[in-house]
Amino acid sequence: MAAKEAAGVAVETFMLGRLALVPDLSGALYLQDERTLVVADLHLEKGSAYAARGVLLPPYDSAATLRLLGAAILRYQPARVIALGDSFHDRGAEARIDENCLATLRAFQAGRDWLWISGNHDPAISAAMGGTVLDELDLRGVKLRHEPCPSGALPEIAGHLHPAAKVRMRGRALRRRCFALSPTRCVMPAMGAYAGGLNVRDAAFRPLFGLGFSAHLLGDGRLFRIDQRLLLPD
């Protein structure tokens, strides 16, 4: 890894196969040499999906998620954006998303390549959402897919599990979304405002990493790299 500068802020660069990764505080991942921004699990219109079932969450999650995504796009000015699945919370999300959010999404897509990787929540994304839909992508020998595959080809970048980490700092427990990162795999945090997170000590992560990874917590103003031996269960 090496220290770099992005928008005046010192960041760390990690090598995964032949890709240089810059984890961003937004939860996005910037691939420097590819001028590519990768995001995972936007879960657009999760709030409206819950409201339809009688769980009345404030209906502002899509706008909040797109603001976070827009800030990352402005920061890195990528030539390409790749969304690693579950970009939409369900099959009806496209019909529920409001015109302002849709216009924002189209503005993000203007002048750059936009790839949707299909996920379990959004196995089919219509042409009305713009971009190109793929099941997975091989980029310089690194697999980009929605769900991490314990028996699949490595290295890989995936989402799906919404990793979060809990650690004790300055006498108190802190739980934050995080990147789970090893020399061969990166599992990205969910960017969606209502997406939540699964503790990286959960059994779901064991086939992917064992104990050979570090958690990079999305902190206040910086990322905190925490060795797995210091991570706490919920």
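The values are calculated or read from the model by the stated rules, or taken from the named source; none is laboratory data. Because the structure is a prediction, the values reported are computed rather than measured. Counting neighbours? That spans all protein chains shown, and the Cβs are built from the backbone with ideal geometry, glycine included. Side chains included, ligands, DNA and RNA excluded: accessible areas come from the protein's heavy atoms. Shrake-Rupley method; radii C 1.70, N 1.55, O 1.52, S 1.80 Å.
Annotations
- Checking each residue of the range 57-66 against the condition of being touching an Asp or Glu at 6+ places or on another chain (Cβ under 7 Å) and closer than 18 Å to residue 144 by Cβ gives no match.
- Some residue of the range 80-95 being in a loop (DSSP other than H, G, I, E, B), of a type in the set (Gly, Ala, Ser), loosely packed, with under 15 Cβ neighbours inside 10 Å and without any contact (Cβ under 8 Å) to a residue 60 or more places away in the chain: yes
- Selection of the range 170-199 for residues being assigned to a loop (DSSP other than H, G, I, E, B) and closer than 19 Å to residue 145 by Cα yields 182, 183, 184, 188, 189, 190, 191, 192, 195, 197.
- In the range 154-170, the residue that is modelled with the lowest pLDDT out of those that are open to solvent by 20 Å² or more (accessible area, probe 1.4 Å) and under 20 Å from the mean Cα position of the chain (by Cα) is 154.
- Looking at 155, 150, just one residue is in contact with a strand residue (DSSP E or B) (Cβ under 7 Å, 6 or more places away or on another chain) and over 18 Å from residue 233 (Cβ atoms), and that residue is 155.
- Some residue of the range 113-126 being over 24 Å from residue 21 (Cα atoms) and part of a helix (DSSP H, G or I): no
- Count of the range 38-78 residues which are more than 18 Å from the chain's Cα centre (by Cα), open to solvent by 10 Å² or more (accessible area, probe 1.4 Å) and on the phi < 0 side of the Ramachandran plot: 11
- Yes/no for residue 105 being open to solvent by 30 Å² or more (accessible area, probe 1.4 Å), under 18 Å from the mean Cα position of the chain (by Cα) and among the aliphatic types (A, V, I, L, M): no
- Residue that is modelled with the lowest pLDDT [pool: residues in the range 205-231 that are over 16 Å from residue 26 (Cβ atoms) and exposed (fewer than 15 other Cβ atoms within 10 Å of the Cβ)]: 211
- Residues in the range 114-132 that are closer than 21 Å to residue 59 by Cβ and either open to solvent by 30 Å² or more (accessible area, probe 1.4 Å) or among the charged types (D, E, K, R) (or both): 121, 122, 128.
- Scanning the range 200-234 for residues being in a loop (DSSP other than H, G, I, E, B) and basic (Lys, Arg) gives a total of 2.
- When residue 111 is tested against (1) at pLDDT 95 or above; (2) on the phi < 0 side of the Ramachandran plot; (3) open to solvent by 20 Å² or more (accessible area, probe 1.4 Å), exactly one condition is not met: (2).
- Residue count, the range 127-148 (criterion: in contact (Cβ under 8 Å) with a residue 12 or more places away in the chain and either of a type in the set (Phe, Trp, Tyr) or in a strand (DSSP E or B) (or both)): 8
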